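What follows is one structure encoded as structure tokens, with my remarks underneath.
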Amino acid sequence: MQTTSLAIRGYRDAPVPNQFHRQEAAATHLALMLPGFGYTCDMPLLFFTTSHLIDHGADILQVEYAYSRSADYRALDVDERHRWLLADVQAAWQVAQRQRSYQRYTIIGKSLGTRAMAHLLMTEPLLQQAHTIWVTPVWQEPLVGAALRQSTQPALVVIGTADPYYDPALVAELQAREQCTVVVVPDAEHGLEIVGDAVRSIQALAIAIQAVQAFVP
């Protein structure tokens, strides 16, 4: 496995921080990981998801936009922050998919990342058959909700009942769809942790990663 950084220019032609994990052997599977605002690719849910994908032969691009540490980002209004996110992720996808002749794609989004994920799914033809993993999605946002409802591709959704975005009606709607697997973790909040209970938090992580392993064999 080779780990490097790709030359990606995004919003206002600024570099987009990233890590690209490239298989030594030939690979036909590309995974794109879009983390949360403060939940990075090094944190447990995304770290173990990355490990599983690498172990199963995928190249993976982790986009580490690091907006939580950017004063320039925080100074912008909501619409301009959204444009920044979409510009960075669109550029990341364009560079990543040119690394090899891929035949299979998986996109993983966590929270903020699900916004950009929804945009890519609706605008990039190559991703129309991609497998999608939505970790604590912000599905009350119209773009995210529409992408989940309209998608016909295989999808895994993981969310906790203590997450402010949890919506039992939408969970039921998605569970009724054959191509969508929804994993609901009781009492887990937006980081998929259970406040005040370390053991159950570890168990929640295990539930999520087992679901990923089943979804991406």
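Out of curiosity, is Glu189 in contact with a strand residue (DSSP E or B) (Cβ under 7 Å, 6 or more places away or on another chain) and more than 20 Å from Ala155 (Cα to Cα)? In short, yes.
On inspection, Glu173 fails the criterion of being within 29 Å of Asp55 (Cβ to Cβ), acidic (Asp, Glu) and either open to solvent by 60 Å² or more (accessible area, probe 1.4 Å) or in a helix (DSSP H, G or I) (or both).
Quick check on region 7-32: of everything there that is in contact with a Lys or Arg (Cβ under 8 Å, 6 or more places away or on another chain) and within 25 Å of Ala155 (Cβ to Cβ), which residue is surrounded by the most Cβ atoms within 10 Å (Cβ to Cβ)? If we take residues in region 7-32 being in contact with a Lys or Arg (Cβ under 8 Å, 6 or more places away or on another chain) and within 25 Å of Ala155 (Cβ to Cβ), then Leu30 is surrounded by the most Cβ atoms within 10 Å (Cβ to Cβ). Pairing each residue of region 161-177 that is hydrophobic (A, V, I, L, M, F, W, C) with any residue that is open to solvent by 70 Å² or more (accessible area, probe 1.4 Å), provided the two are 6+ apart or on different chains, yields C-beta distances under 6 Å for Ala162/Asp187. Restricted to region 30-120, the set of helices (runs of 4 or more DSSP H) holding at least 1 residues that are touching a residue at least 24 places away in the same chain (Cβ under 8 Å) and not aliphatic (A, V, I, L, M) comprises 44-55, 78-96.
The values are calculated or read from the model by the stated rules, or taken from the named source; none is laboratory data. Note that the coordinates shown come from a computational prediction; the quantities given were computed from them, not determined experimentally. Don't worry about glycine lacking a Cβ; one is built from the backbone with ideal geometry, like all the others, and counts go over all protein chains shown. For the accessible areas, the whole protein counts, side chains as well, though only heavy atoms, and no ligand, DNA or RNA atoms are used. Shrake-Rupley method; radii C 1.70, N 1.55, O 1.52, S 1.80 Å.
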